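The values are calculated or read from the model by the stated rules, or taken from the named source; none is laboratory data. Please read these numbers as outputs of a predicted model, since none were measured by experiment. Note that we place each Cβ from the backbone using ideal geometry, even for glycine, and neighbour counts take in every protein chain shown. SASA here: full protein model, heavy atoms, side chains in, ligands and nucleic acids out. Shrake-Rupley method; radii C 1.70, N 1.55, O 1.52, S 1.80 Å.
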Amino acid sequence: MAINSKTELPEDRLNFEALKSHHKSKAVASISKQQNPFDLLRILYEGAVSGAAAGVVVEAALYPIDTIKTRLQTVRGGGQIILKGLYSGLAGNLVGVLPASAIFIGVYEPAKRKLLDSFPENLSALAHLTAGAIGGAASSIVRVPTEVVKQRMQTSQFSSAPDAVRLIVAKEGFRGLYAGYGSFLLRDLPFDAIQFCLYEQLRMGYKLAAKRDLKDSENAMIGAFAGAITGAITTPLDVIKTRLMVQGSAKQYEGILHCVKTIAREEGASTLFKGIGPRVLWIGIGGSIFFGVLERTKKLVAAKQPVD
């Protein structure tokens, strides 16, 4: 008996159903991969709130160590540093740190998610490096003026943040608030990229080994290690940035390369590692507090969000 070409056999029917199921599952997977814009906004919001909280806590807690580091880096030759007024400029600095930290983490978290979705799993470190640099670049618009005012006050050039801003603009123009911008990016983009990459990679490895979510104390420990290592590596860049930012209208240094050559010629290459002790201590403890507070705040903020 001949079979009509349009007649459907049982096995054909099974193959058709399997094929239809396969295409349906692919379509669902494709839709799930597409990031909902509201998810990105939620991640941005959670990151901004968490970053602001972590940044303010660290700055307030460790400001005296940062002041000592700045004074060590700016004193020339065998000059003595002054240990008075270690909280000079803290209030004005917190006004800048809050939005700067919010911008950094608010940009970093969505960028990290996007890059991790785009890159192969074995390139997750590159995704974290790139996201850290992107976050640093975005927040530099606020961080640089904040840093300029802070360091001028730490070296007793001004008595208050409003006076500092007013006089810097009057003497050096608006560009004075962005003095050392190039050296800031030279220091902070590698710093942000390396610190966050180290932290994320160590955290991923620890979670895989422990087979559970990490405790706050464990996040803090990993943050301390990542901060201390990154702080030590980037000390010469920090010295250059500090010298360029505090020089004011005197213009002792004409740029990054001129600054390096002048320091090496007049004070010796070892000067580029001035303040490494306080810097490693400050960023190590700061990394512990920052990442501990960051992860805890992220959990608290996420818990208050409505469940879909």
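So is Lys69 under 20 Å from Gln247 (Cβ atoms) and more than 15 Å from the chain's Cα centre (by Cα) or not? Working first, answer last.
Details: under 20 Å from Gln247 (Cβ atoms): yes; more than 15 Å from the chain's Cα centre (by Cα): yes.
Criteria met by Lys69.
Applying the selection to the range 252-305, what residues are loosely packed, with under 15 Cβ neighbours inside 10 Å and over 30 Å from Arg76 (Cβ atoms)?
Selection gives Lys299, Leu300, Ala302, Ala303, Lys304, Gln305.
If only one of Leu123, Leu129 is assigned to a helix (DSSP H, G or I) and either touching an Asp or Glu at 6+ places or on another chain (Cβ under 8 Å) or surrounded by fewer than 21 Cβ atoms within 10 Å (Cβ to Cβ) (or both), which one is it?
Going through Leu123, Leu129 in turn, just one is assigned to a helix (DSSP H, G or I) and either touching an Asp or Glu at 6+ places or on another chain (Cβ under 8 Å) or surrounded by fewer than 21 Cβ atoms within 10 Å (Cβ to Cβ) (or both): Leu123.
Residue pairs, Cβ under 6 Å, 6 or more apart or interchain, first in the range 114-136 and over 25 Å from Ala52 (Cα atoms), second surrounded by fewer than 18 Cβ atoms within 10 Å (Cβ to Cβ). List them.
none
Which residues, counting only those in the range 207-216, are within 23 Å of Ile283 (Cα to Cα) and open to solvent by 80 Å² or more (accessible area, probe 1.4 Å)? Quick ask: steps written out before the conclusion?
Residues of the range 207-216 within 23 Å of Ile283 (Cα to Cα): 214-216.
Once the filter is applied, which keeps residues that are within 23 Å of Ile283 (Cα to Cα) and open to solvent by 80 Å² or more (accessible area, probe 1.4 Å), the range 207-216 yields only Lys215.
Looking at the structure I just gave you, is Asp188 open to solvent by less than 60 Å² (accessible area, probe 1.4 Å), part of a helix (DSSP H, G or I), charged (D, E, K, R) and in contact (Cβ under 8 Å) with a residue 60 or more places away in the chain?
No.
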